[in-house]
Amino acid sequence: MEGLWDSPPSHFLLLILLLPSPCSGVMAIKRPKQGVGVQNLLEKAAERLKSLTPVKFTISSRTDTGVHALGNSAHLDVQRLSGRPPFSPDILTFALNSHLEHPDIRVIRAFRAPDDFHARFDATSRTYLYRVVTGRSLDALSVFDRNLCWAVRTDHLDVAAMQEAARHLQGTHDFRAFRSVSDNDWKNPVRTLLRASVAPASASPFTHPQEKRKLQFWDLEFESKSFLYKQVRRMTACLVAVGLGALTPAQVKEKLESGDPQSGPSLLVAPAQGLFLKSVHYEGLDWGPGKDWYNRPSVPGGCGPGAVPEAPRL
């Protein structure tokens, strides 16, 4: 069958939504008895695309069990039979969503991408959002929100102190004091935290109007090119402890400088259910309507090595 393998693979960038699910994290799990990962389900759905080569997803950001994603990303290659045009991004999105077995995983959008585009290494930054709700009457919290935030039983947080502590975390530091105690020691613990913010948030749309005055939602956001394992949840826990008066901003700075993940009054780790991977950023990605190609910016002095060719005219 001459020419069967002539059609080159098409390279795609996907944006993925992940709500609370029984999946054991995002990455593929090789032993079924240990659970199933989001990647396993995506690749099973991709089998229905009938690609000449198996479709493998490379996901940009790991998330633990119980963590949500408003905008994770991945890249993949799909190779069709000779003579058949590549899937359009819209058709690829529809096909994957049609065959996904879990209702809480959805492909939001697809883009054609340069052949050498890498979802993980080409990301310029990642933004995580942590939702906290405070109030004396947490029974007013909607059942729909209980797995989407960390409920802290208090009617007051010292937000000014939390913001001061967050400023200590911003910048380039050795963050080993905020990584999981089970994390590998060989990993470089130096990270640059571009932004750490604490701000009041609007009430959840699931909260009954009569109950809104009893609850206050808070958004903690962190942006960096990459994070250590459980770094965001540990930073969040320390900032909430500052808000409650259990820690001072100076103690957070001391913990950061100690380099010891077991320093401080306790091993503080915020629960997984309040954490969202809000977005993964790529330079030049245009979300405008009708934009199906990710034309990665060129390197200085000419076209980048993986520049996407001009989209075909149909």
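The values are calculated or read from the model by the stated rules, or taken from the named source; none is laboratory data. Computed from a prediction, not measured in an experiment: that's the story for all the values here. Don't worry about glycine lacking a Cβ; one is built from the backbone with ideal geometry, like all the others, and counts go over all protein chains shown. Areas reflect the complete protein model, heavy atoms only, side chains present, ligands, DNA and RNA absent. Shrake-Rupley method; radii C 1.70, N 1.55, O 1.52, S 1.80 Å.
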* Given (1) open to solvent by 40 Å² or more (accessible area, probe 1.4 Å); (2) touching a Lys or Arg at 6+ places or on another chain (Cβ under 8 Å), index of the condition R176 fails -> (2)
* Is it true that some residue in the range 25-40 is out of contact with any Leu (no Cβ under 9 Å at 6 or more places or on another chain), closer than 29 Å to G290 by Cβ and at pLDDT 90 or above? -> no
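Yes or no, residue by residue, for (1) under 30 Å from C238 (Cβ atoms); (2) surrounded by 14 or more Cβ atoms within 10 Å (Cβ to Cβ); (3) polar (S, T, N, Q):
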{"position": "R48", "(1), (2), (3)": "no, no, no"}
{"position": "S60", "(1), (2), (3)": "yes, yes, yes"}
{"position": "A69", "(1), (2), (3)": "yes, yes, no"}
{"position": "N72", "(1), (2), (3)": "yes, yes, yes"}
{"position": "S82", "(1), (2), (3)": "no, no, yes"}
{"position": "H102", "(1), (2), (3)": "no, yes, no"}
{"position": "R109", "(1), (2), (3)": "no, yes, no"}
{"position": "V143", "(1), (2), (3)": "yes, no, no"}
* Asked: When you go through (1) farther than 15 Å from R176 by Cα; (2) out of contact with any Lys or Arg (no Cβ under 7 Å at 6 or more places or on another chain); (3) at pLDDT 95 or above one by one for M235, which number turns out not to apply?
  -> (1)
* Asked: Taking the range 192-220 as the search range and keeping residues that are in a loop (DSSP other than H, G, I, E, B) and touching a residue at least 40 places away in the same chain (Cβ under 8 Å), which one is farthest from R167 (Cα to Cα)?
  -> H208
* Filter result for D77 (in contact (Cβ under 8 Å) with a residue 60 or more places away in the chain, assigned to a strand (DSSP E or B) and over 18 Å from the mean Cα position of the chain (by Cα)) -> yes
* Can R109 be described as basic (K, R), touching a helix residue (DSSP H, G or I) at 6+ places or on another chain (Cβ under 7 Å) and either part of a strand (DSSP E or B) or within 20 Å of Q273 (Cα to Cα) (or both)? -> yes
* To do: Could you pull out the residue among A250, A272 that is open to solvent by less than 20 Å² (accessible area, probe 1.4 Å) and either within 18 Å of T192 (Cβ to Cβ) or not assigned by the TED database to the domain that holds V26 (or both)?
  => A272
* **Every pair of residues 6+ apart whose Cβ atoms lie under 7 Å, when the first sits in the range 135-147 and is among the polar types (S, T, N, Q) while the second is open to solvent by 20 Å² or more (accessible area, probe 1.4 Å)** => S137/K214; S142/F206; N147/P20; N147/Q273
* How many residues, within the range 125-184, are closer than 14 Å to S197 by Cα and either among the aromatic types (F, W, Y) or assigned to a helix (DSSP H, G or I) (or both)? -> 13
